[in-house]
Structure formats: C-alpha cells, structure tokens
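The values are calculated or read from the model by the stated rules, or taken from the named source; none is laboratory data. Every value quoted in this text rests on a predicted model; they were computed, and no experiment measured them. Ideal geometry is used to build each Cβ from the backbone, glycine not excepted, and the neighbour counts take in all protein chains shown. SASA here: full protein model, heavy atoms, side chains in, ligands and nucleic acids out. Shrake-Rupley method; radii C 1.70, N 1.55, O 1.52, S 1.80 Å.
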Amino acid sequence: AALALLSGSVAALVVWKWLGRKMIQKKMEEARRSRDEGMKKMAKAVQQFREQVSSVQTDAILSLPLLELTGRLREGSLSPRTVLYTYLEKALEVTQQTNCLRHFIPECEEQLQEIQRHEEKGLLYGIPVSIKDHIGHKGHLATCGLVQCLGTLMEEDSVLVKVLKRQGAIPFAMTNVPQSLFSYDCSNPIFGQTLNPFNPQKSPGGSSGGEGALIAGGGSILGIGSDIGGSIRLPSSFCGLCGLKPTAERLRWVLGLPFQPCPCAVGPMARDVDSLALCMKALLCQEMFQLDPSVPPIPFNEEVYSSSTPLRVGYYDTDGYFPLPPCMRRAVKETRRALQAAGHQLVPFSPPRIPYVMTELFLKTFFGDGGRAWLDVFTGDIVDPGLKPEVNSCKMPRLVKKLLALLLKPLQFLLLLKLKDVAVISTCRSVKEMWSHHHQIQVYRSQFIAQWKELQLDVVLCPVLGPAFTRGYPGKLLTAISSTMLYNVLNFPAGVVPVSTVTEADEEELKLYQGCCDDPWDRTLKQAVSGAVGLPVAVQCVALPWQEELCLRFMKEVETLSRDR
C-alpha cells in the first residue's frame, strides 16, 4: 500500500510538472504571437505610407546624424511622419536579420499626431526613439525576458518615457533583452537570441543588446538602455556605438526605486557622441525634475560640454584582474598617443584592488543572499541556456558552497575566481554584515576618489571588454566584465566610444594571448573573441560623479581624434 501511494505521488508530481511546463509554453507562444501580429500591423502601416508617399529618400534620411535630423524636422524640410515611417521600415528589416525587437509600439502614431498639435517643438521633436524592454510604456509589458512578467501591462508611462514624449520624441519600439537582464549576451526563452548586425555568429552584448543591434543596424537613431554592470557600455563596444552610463541618480525611469549599493543607471545609446549629449540635454529638464523630485535639478551644462580646455587624463590599459585581448589594449594606447599629440596631459593611473572589488563588493551586492532573490525570478520559468552556469551555481546547497570556497581558497590568487565566483562568494549572513558591506563600498569609493584627486585628474581613459564575443560565451565568463562593473560600484559616469576595428595583425597577436596565467578562463576568452576581423574596437571614458558633461566632452574629443586618424 505504501509503495502504491509513493508511486501514485510520483506520478502526480510528474503530471503536475508536465502541466506546468505546458502552461509556460502556452504563455510564451502567446507572447510571440502577439509580437508577430504587432510586426505585421507595422509592416502594413509602412506599406500604406509607401503607397501614399512614394518619393521618400530613405537612405538620405537614415544617413542623417541626429543633430542634422532634428534641425531638418524643426525647420520643416522633413516631416515627423516621413522620418517615423522610414525608421519603422528599417527597423523591420533589421529585426528580420537580428531578432532585436521585442515589440513595436503602435501608439507611436498617436504620439505623432500629438506632437504636431503643439506649437512648442521640444529638443527631440519628431525623433523616433527605441527603448529597452523593461523601461515602462503605458499599455505594454516590461518582460525582462521572464514568463512571470508576461501578464502585467504597464498602467502608465515611466518617468523617462513621459519626458521623451514631452520633448517631442516618438517611442516606436521596445527591444530584446537577456532573461532577468543579468547577462551580457542577449537571449531569453520567450523571444529568442538577438544577433550582432555585423556578424550573426557574434553576440550584440547585453543586457541592452536589442538596442545595440537595432541602432548599429540602422533601425533606430537614438535608444535608451540601462546599465548595472556594463549593460549600456558592452553592447556599445560589441556593436560599435557610443553609449553613456550616467551617475545613476542623474536620470530616473521609475519612481520610488529602493536603495541599491550598486545602483542601476539609465542612459542613451547612439551612433555619435553629439547624439548622447542632445539626449541628456533633453532629459535633464524641468519636466524630469518635477515628475521625480529625487532627481537633482541639475540642467545640462553646455559650457562644459563645448569647452576646449586641455584635459589632465589618467589612463590604464589593464585593470590587473582580467587581461583583455590585444586589440582592446592597442585601442587605449593609440588613443592615449592621439590625446597627447592634441595637447592633453596624460598621467598613468592604476585602479586599486580590482579582485577585491569584483568578488567582495560587486558580486556580493547581487549574491549576498546566496542568489536566492535572483533564483526567485525563475520560478515557473524555463532557464535560458546562457544563464544555466550561474543558476546552477546558486542552486548548490550552502554546505557544498562552503566546502568549495574552502577548497578553492589557496587558488584564489592564481585563478582570481574568474568563473564560478557565484558559487564560492561569501554571503551576508546578517543585517549587520549587510550594513558592513555597504560601508565597505563607501570606503572604497572614498579611497578611489582620493587617488584620483591626488593625481589631479579631470577624466580617465581605460579599456572596455571587446571585441564582440561569439554567441554563448558571455555566460561562461561572467567576471570578464571587471572593466565596466568597476564604475557601477563607484557610480561614476562612464561612456564608450568606438575608435578602431580588429585587424589581421590583432588576430595574429591574439594567438599568442595568455591572459593572466593561460588558465581555462583565459583560453575561453581567447575563443570568445577570435574571428573578429573588421569588428568594432572601443575605449572607455570616465569622469567623477555628476560630471556627465565632462565625460561626454572627453568622449567627443576621443571620437574626433579617432576619426582624424
């Protein structure tokens, strides 16, 4: 009888799991169907526009830089309707190649009518803007690539979307993201894998990977991403774009965010630095400050951005934690020489204690509870293959984690805990330890700023991870993002500028790359970035907190010098 009861219980459990999985599959299929129907509606709307207006110079419009396009729209030589439908058509083409869109925003046609009723033209009048999946738009989902988020439509626009609309922008598309946003690849079980527009074997980066692919493919002129470990800067690096992660509190996309020791920042992504500056200028307006009083009322400082005063630039080409491929270090060296030749003062700078920052500060912020809160978001979901290494690490019993940490302790210096750090990272076992952890982050920030001030630096030039990884590799190398995550811990503004492309010589030099100690993680990085000839190579530009204008001014200088070479 006991055996029969046990068999019956096991059978019931199997059936229950099977039914749960079927329910998940059904929800995912419905979400995909909804997306595909939205695409068809947009394609039909584009076709109708084409039939009405057959003489549109599509290539000419798509090639206009943002500043020139805003000028043409404001003077009336181009209509917002023509520009919107030109970008809608291109976005459809790009997403067919890269799977970068999660959904079109049909309300863009209502916003088109709305801006034409207003006498006052905002700074982004008539500009089509794409937004990352989780930046709320009324009537749409914010999925984060998770099944549990498929049933809840946003009741109102996020603060950021409201301000964009007030400035005359037309949000027209929401872009794909990795599941849970905690990845620098761009894949989720609902909407699938986004591809790099320059090479479909490569990742566009993440978590703002849909934005990266859409803008780099020419289907959007301006996008809004978010960044908690490099999620604006890594797609910008992988896709050859300019991207800015501001000080987190300088912009807000949702009211009432809880305190975070490593806060999430939202920022712009575009094809050039002037576009980023215009976007920041548009967003840092009275509307933003009134909608969210927790955003400091600091308007964009045009004088700082336009300045031509020589800068004192700190620089480094490695952080001593995860050695980057030769082409990324070459980019820093060439940019350093160009800046020096242009009259700027270059000073060697060495960021302190990066292994400590990576394992004790950054990862402990997210996995201080052993990853339990993160695991909760996968309840009733299918885990994306790219996230399975981290998810499986978090699922390990605490005793196993402790034993693993003990066994690996003698190897920590050698291995720098490059991969399975999620499994062996120490957790915050009490509220007291959590407060101590927050305090350690503040102490590190103070020490870093003191070192910066001692050298009297204005800005810092440093590497960013790249070139674009082969798809599937970001999940194997979580902590390769040390170059970007540092400035999330510090909450400094940091931006990425493309300055070169991978050469045959870079590819040859990569064959000799041994990284830190030619260990399995170094060899994995080598595999991840190989076969990248012709792909973009970028550098990272950093300023002190609240100095976005100075950071952008430095980025503009780097961009100008790279184009002159």
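Averaged per residue, the chain has 41 square angstrom of accessible surface, using a 1.4 angstrom probe with ligands and nucleic acids left out. Here each label is just a point 7 Å from Cα along the line to Cβ, and for VAL443 and GLN345 those points are 3.2 nm apart.
When both the range 455-524 and the range 47-82 are represented by their alpha-carbon centers, they are found 38 Å apart. Counting only lysines at least 8 places from LYS364 when in the same chain, those with an alpha carbon closer than 24 Å to its own are LYS245, LYS388, LYS395, LYS401, LYS402, LYS409, LYS418, LYS420, LYS432, LYS476. In plain terms, the bigger the Kirkwood radius, the slower the diffusion; for the range 243-311, with that radius from Cα pairs, at 4 °C and 1.567 mPa s, Stokes-Einstein puts D at 98 µm²/s. Net charge dipole, the chain: roughly 1520 debye, given to the nearest 20, about the Cα centre with Cβ charges of +1 for Lys and Arg and -1 for Asp and Glu. Against the criterion of solvent-accessible heavy-atom surface with a 1.4 angstrom probe, ARG445, ARG33 sort, most first, into ARG33, ARG445. Computed over the chain, relative contact order equals 16 percent, with contacts defined as Cα pairs under 8 Å that lie 6+ residues apart. Taking all protein chains together and rolling a 1.4 Å probe, ILE170 ends up with roughly 0 Å² accessible. Taking a ≥ b ≥ c as the square roots of the eigenvalues of the Cα gyration tensor, the chain is oblate, since a/c reaches 1.5 or more and a/b is not larger than b/c.
Note on exposure: TYR356, TYR316 ranked by accessible area (1.4 Å probe, complete protein assembly) read TYR356, TYR316, with the most exposed listed first. Surface composition of the chain: carbon plus sulfur atoms contribute 56% of the solvent-accessible area (1.4 Å probe, protein chains only, all chains present). Given a 1.4 Å probe and the protein chains as shown, ARG74 ends up with an accessible area of around 100 Å².
Rounded to the nearest 5, what is the percent of antiparallel bridges among the DSSP beta bridges in the chain? Given both bridge residues lie in the chain, the antiparallel proportion sits at roughly 70 percent. How would the range 37-294 be classified by its alpha-carbon gyration tensor: rounded, prolate or oblate, with rounded meaning a/c under 1.5 and the a/b versus b/c comparison settling the rest? Since a/c stays below 1.5, the shape of the range 37-294 is classed as rounded. Here the calculated FRET efficiency for GLN47 and LYS22, from their Cβ-Cβ distance with R0 = 45 Å, stands at 0.75, rounded to the nearest 0.05.
The calculated FRET efficiency for the pair ARG523 and ILE298, based on their C-beta separation and a Förster distance of 41 Å, comes to about 0.30.
Projecting the Cα atoms of PHE448, TRP374, PRO498 onto the charge dipole of the range 307-564, computed from C-beta unit charges around the Cα centre, puts TRP374 farthest toward the positive end. The overall shape of the range 76-143, judged from the alpha-carbon gyration tensor, is oblate: a/c is not under 1.5, and a/b is no greater than b/c. When only Cα pairs below 8 angstrom with a gap of at least 6 residues are kept, the range 37-294 shows a relative contact order of 19 percent. Pairs exceeding a 29 Å alpha-carbon distance, out of LYS90/LYS138; LYS22/LYS90; LYS41/LYS132; LYS526/LYS556; LYS90/LYS526: LYS22/LYS90; LYS526/LYS556; LYS90/LYS526.
Exposure check, 1.4 Å probe, all protein chains in place: TRP18 carries approximately 150 Å² of accessible surface.
The order of the peptides 113-123, 492-502 by mean Cβ neighbours within 10 Å, most packed first, is 492-502, 113-123.
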